[in-house]
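Novice: Attaching a single structure in structure tokens format; questions to follow.
The values are calculated or read from the model by the stated rules, or taken from the named source; none is laboratory data. Quantities reported herein were computed from a predicted structural model and do not represent experimental measurements. Note: ideal-geometry Cβ built from the backbone for every residue, glycine included; neighbour counts use all protein chains shown. All accessible areas refer to the heavy atoms of the entire protein, side chains included, with ligands and DNA or RNA removed. Shrake-Rupley method; radii C 1.70, N 1.55, O 1.52, S 1.80 Å.
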Amino acid sequence: DVQSTHNTDVQNIVPVGLSYTAGEVMDGQDVVSNHIHDGRTSINDIDLDGKKLSCLSRASTAMAWALETSFFKVGLFVGEFPIVVIMSLVVMCGLCGLGMKTFHETEAQEKLWVPQTSRLINEKAWVDRTYPQ
């Protein structure tokens, strides 16, 4: 769900719950403080029950707002340019898949778990040469 701002000069579309316009009421309580910026409150100005939010509450709210805004913008971009997004993802997967050309599997335990500069590698090679199975 999206709502447009009440400010007629600004025609931004914002997700519901990200910002509150002047005079808006949430759960029967006015969440807008006296400090209005461009018709909206900033995250730091929201007071609940007349109490100032703690530092961690403001940080949590700011982080949630940033994530919601980012994902909303990504969603808008994907919705506006689906072919570009699909083609770029196919190209990225293809480029990452090129690394599979050099993939090889090994079953030698000493190559998997022991450093190649270890003394054990030379001694194991001597044992394999001296006592073949």
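Novice: Tell me, in nm to one decimal, what length is gained between residue 123 and residue 73 on full extension, where the rule is 0.36 nm per residue of separation less the Cα-Cα distance?
Specialist: Separation in residues times 0.36 nm, less the Cα-Cα distance, equals 12.0 nm.
Novice: For segment 116-132, just list the computed ³J(HN,Hα) in residue order, Karplus coefficients 6.51, -1.76 and 1.60, θ = phi - 60°, integers in Hz, with x standing in for Gly and Pro.
Specialist: 5, 8, 6, 5, 4, 4, 5, 5, 5, 4, 5, 5, 5, 6, 6, 10, x
Novice: Just grab the label-to-label distance for residue 112 and residue 56, each label 7 Å out from Cα along the Cβ direction, in nm (one decimal).
Specialist: Result for the modelled spin labels: 4.4 nm.
Novice: Starting from the Cα gyration tensor of segment 49-133, take the square roots of the eigenvalues, sort them a ≥ b ≥ c, and report rounded, prolate or oblate (rounded when a/c is under 1.5, otherwise prolate if a/b is larger than b/c, else oblate).
Specialist: In terms of gyration-tensor shape, oblate.
Novice: Hey, another quick one. Once a ≥ b ≥ c are taken as the square roots of the eigenvalues of the Cα gyration tensor of segment 54-104, is the result rounded (a/c under 1.5), prolate (a/b larger than b/c) or oblate (a/b not larger than b/c)?
Specialist: Here segment 54-104 falls in the oblate category.
Novice: Skip the ligands, DNA and RNA, and give the accessible area per residue of segment 54-104 with a 1.4 Å probe, whole Å².
Specialist: Details: 4330 Å² over 51 residues.
I get 85 Å² per residue for segment 54-104.
Novice: Given labels modelled 7 Å from the Cα in the Cβ direction, how far is it in nm from residue 133 to residue 90?
Specialist: The answer from the label model is 4.7 nm.
Novice: Taking all protein chains in place and a 1.4 Å probe, what share, in percent, of the accessible surface of segment 54-104 do carbon and sulfur account for? Show your work: numbers first, answer last.
Specialist: Numbers: 3460 of 4330 Å².
Carbon with sulfur: 80 percent of the solvent-accessible area.
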